[in-house]
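Have a look at the structure below, then the notes.
No lab work stands behind these numbers, since they all come straight from the coordinates. Predicted, not measured: the structure shown is a model, and the values here were computed from it. Note: ideal-geometry Cβ built from the backbone for every residue, glycine included; neighbour counts use all protein chains shown.
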Amino acid sequence: MVQRMSRMLLKTLRDAPADAETASHKLLVRAGYVRRTSAGVWTWLPLGKRVLENVTRIVREEMDAIGGQEVLLPALLPREPYEVTGRAGEYGDLLFQLKDRKGADYVLGPTHEEIFTQVVKDQATSYKDLPVILYQIQTKYRDEARPRSGVLRGREFQMKDAYSFDTTDEGLAESYRLHREAYIKIFTRLGFDYRVVSAVSGAMGGSASEEFLAPAAAGEDTFVDCPKCDYAANTEAVTTVVPAADAAAHGPLELLDTPDTPTIETLAAHLGVPASATLKNLLVKVDGEITGVGVPGDREVDLGKLAEHLAPAEVELVTAEDFEGRPDLVRGYVGPQNRAFPYIADPRVAPGTAWITGANESGKHARDVVCGRDFEVDRYLDVVVVEPGDPCPECGAGLEIGRAIEIGHIFQLGRKYADAFQLDVLGQNGKPVRVTMGSYGIGVSRAVAALAEQTADEQGLCWPREVAPADVHVVAAGKAAQTELALEIADRLHAAGVRVLVDDRAGVSPGVKFTDAELIGVPTILVAGRRAGEGVVELKDRRTGEREELTVDKALARLT
Ligand code: ATP
Ligand code: MG
Ligand code: MG
Ligand code: MG
């Protein structure tokens, strides 16, 4: 079907919504792609739905290419499995919760590790049934604290989540490798400028988790990037770890004696680090009690937390000795969706290495893995300082620091979920084997906004061809003959398999139509204008702005 603007539910807006801060938020609303239904909850209008579908199609094709099998699980889920793994508590306020008429507890799925584990436990009985990769493209729910960047951070959003099930560690490594390759293909095809960064610190070893980051000013992640070699890491992963032996040399922190909320500057001065420093999860003792405060990127909110902890109380840095004989002190789990995971060790991932944190994303202590029982502390977290120009750990060149949007995340989960649900299959020798898992997410709806962030210009959206809502935007400048020619060209393009949007609206000035075409951002604009009578049209490249007058036949030959 030729998409005729005269018949589409599409209204472009001159002004952006007052609360819109990011370019994608402003432009996607102004160009009529999405419409806010409530905070962090979005309606996808016809143009937006097309772009979302294009992203979905590419993701699906590449997931199918690595043997992924698409399924669809519910979004409305019993709460119980999330209690089994401790994630109900870990997610805290992020979890949308509800009760049915009988009072049974439900959640709206924020991610589906638990449920997939149960599905496979139900369906797979023998090692012959594995390995298997399952995925879905589905609506997820997270009650984000500040859903203020449009569809970049929704409270309802689309995610592709995949899960791999293997019987051996080598199998898991291979499933992880397959996903990594597929993600590289996906983000390349989508037209992203992106980096694959380590999401866990080197001390945890290797590639247990990596993120795909799209550099953009609107991003909420800070990452370090080496201009010389291929080292890149999320600053969440760049932590300075001080061996317990050196802890004593560090000494306690002085009381920060201020009646006011400390600013980053006062805090930095107090800690003796530059104000430009990135302060990461800082484990402190307040009145002798170990507690954690985090400053992951967002300064205002976490400063509030810092104020709570730092203003009136005695504050010291925690050392490994503080944990001795106190298995109750720190509990945590390396969760794929848990921001704090780099700081909490899963001993099965890296035996002997422990990362300790006090707080996770929801500000509550996570459960499940218990210090002293499940792992030993041999290091403690220091205040982490990463500054532009700091030496790259791999080649020594000066590091650059940038902002980015997390568009994908791949993770070797190991046996955490299989343990929680006793997911075993019969092995070759007839004995049960515990299954090992990976989980792999892509923010499908976020990808639309992230692409908009990276590609938009002053005039508006400017889509890479594969995701654009059409290949060609045909503009009929206004007169009847121009509209007739525009529709004829649109039909011929459509017959040749080109996706066409045609602006055949009556009573809309050519100027408004041109501005709208720039705003909507289809890669090629074809204008049936001044010289339509002679069979001459204008072709314009949306990105470069280059224009050329051509006969209709030449223009069609060019575009088909
Ligand atoms: P973030 O750090 O941005 O909060 P996350 O690490 O919590 O993301 P994951 O649990 O790793 O997210 O989920 C997999 C992917 O889902 C992310 O890489 C991201 O692209 C996407 N995603 C996560 N939260 C949202 C959201 N609120 N809105 C849109 N997409 C999201
Ligand atoms: Mg999150
Ligand atoms: Mg994240
Ligand atoms: Mg993540």
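In debye, nearest 20, what is the charge dipole magnitude of the stretch 1-54 about its Cα centre with +1 on Lys and Arg Cβ and -1 on Asp and Glu Cβ, if you could check?
Numbers: 10 positive and 4 negative charges, 63 e Å.
Approximately 300 debye in magnitude.
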Return P(r) of the stretch 3-116 (all Cα-Cα pairs; 10 Å bins starting at 0; whole %; ordered from short to long distances). 11, 27, 27, 27, 7, 0
Kirkwood Rh over Cα pairs of the stretch 56-168 into Stokes-Einstein at 4 °C, 1.567 mPa s: D in µm²/s? 84 µm²/s
Test of understanding: what is the full-extension gain from R79 to T551, defined as 0.36 nm times their sequence separation minus their Cα-Cα distance? 163.6 nm
Give me the compactness ratio for the stretch 110-196, meaning the Cα radius of gyration over 2.2 N^0.38 Å. 1.32
Compactness check, the stretch 470-547: C-alpha Rg relative to the 2.2 N^0.38 Å globular estimate gives 0.98
Segment V512-D15, extension gain: residue separation times 0.36 nm, minus the distance between their alpha carbons: 177.5 nm
Ranked by Cβ crowding within 10 angstrom, fewest neighbours first, how are I401, I133, I186 ordered? I401, I133, I186
